[in-house]
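Asks: Got a structure for you, written out below as structure tokens; questions coming shortly.
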Amino acid sequence: MLTDQVIIRDACEADVKELTALMTDLGYPTTLEEFKVRFENISAHPDYRTIVAVANGEMVGMAGLSKNIFYEMNGNYMRILAFVVKQSARKLGLGKILIEAAEEWARAQGLHTVVISSGNRAERDAAHVFYQKMGYAVKSSGFVKKL
């Protein structure tokens, strides 16, 4: 797979089946019906964007992005809410291309900070190494509570 032949574009409704499979690769299995509704809601929000990487006609990655407002300081930032490269296409430079496209969108929005959350599980170790190679620093821990 040649990384110079990768197309980065906005995701669309016709991509839902492939996006659903990528969410499973990310570790969040979902049904086509569930993700279709989720994607419709995400797509309708003006501060959200979903981009995909396509190589040789195959969707090989996606990034779910959102523009946010800081509470702790003035300004806005981008959060990468979901980031995945298809398991069979990892270690080929596609993640770098995808994250650079996400960062370019942030810059175009006048954003100067990007935040990524990633689980503290062994299967995320390679992702953590990748983020650090891309210049991201480990900053904080997140907590969750289901209500």
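The values are calculated or read from the model by the stated rules, or taken from the named source; none is laboratory data. Predicted model only: the values in this text are computed from it and were never measured. Please note: Cβ atoms are built from the backbone with ideal geometry, for glycine as well, and neighbour counts cover all protein chains shown. Accessible surface is based on the protein model in full, side chains and every heavy atom, while ligands, DNA and RNA are left aside. Shrake-Rupley method; radii C 1.70, N 1.55, O 1.52, S 1.80 Å.
Asks: Inside the range 1-29, can you point out the residues that are among the small types (Gly, Ala, Ser) and at pLDDT 95 or above?
Replies: Hits for the range 1-29 are 11, 14, 21.
Asks: So, in the range 51-60, how many residues would count as being on the phi > 0 side of the Ramachandran plot and either open to solvent by less than 10 Å² (accessible area, probe 1.4 Å) or within 11 Å of the chain's Cα centre (by Cα) (or both)?
Replies: 0
Asks: Let me ask something else. Residues of the range 1-34 being among the aliphatic types (A, V, I, L, M), part of a helix (DSSP H, G or I) and either in contact with a strand residue (DSSP E or B) (Cβ under 8 Å, 6 or more places away or on another chain) or at positive phi (or both), which ones?
Replies: Residues satisfying the conditions are 19, 22, 23, 26.
Asks: Another one. Mind checking which residues of the range 3-40 are within 17 Å of residue 94 (Cα to Cα), open to solvent by 90 Å² or more (accessible area, probe 1.4 Å) and in contact (Cβ under 8 Å) with a residue 12 or more places away in the chain?
Replies: Matches in the range 3-40: 5, 7.
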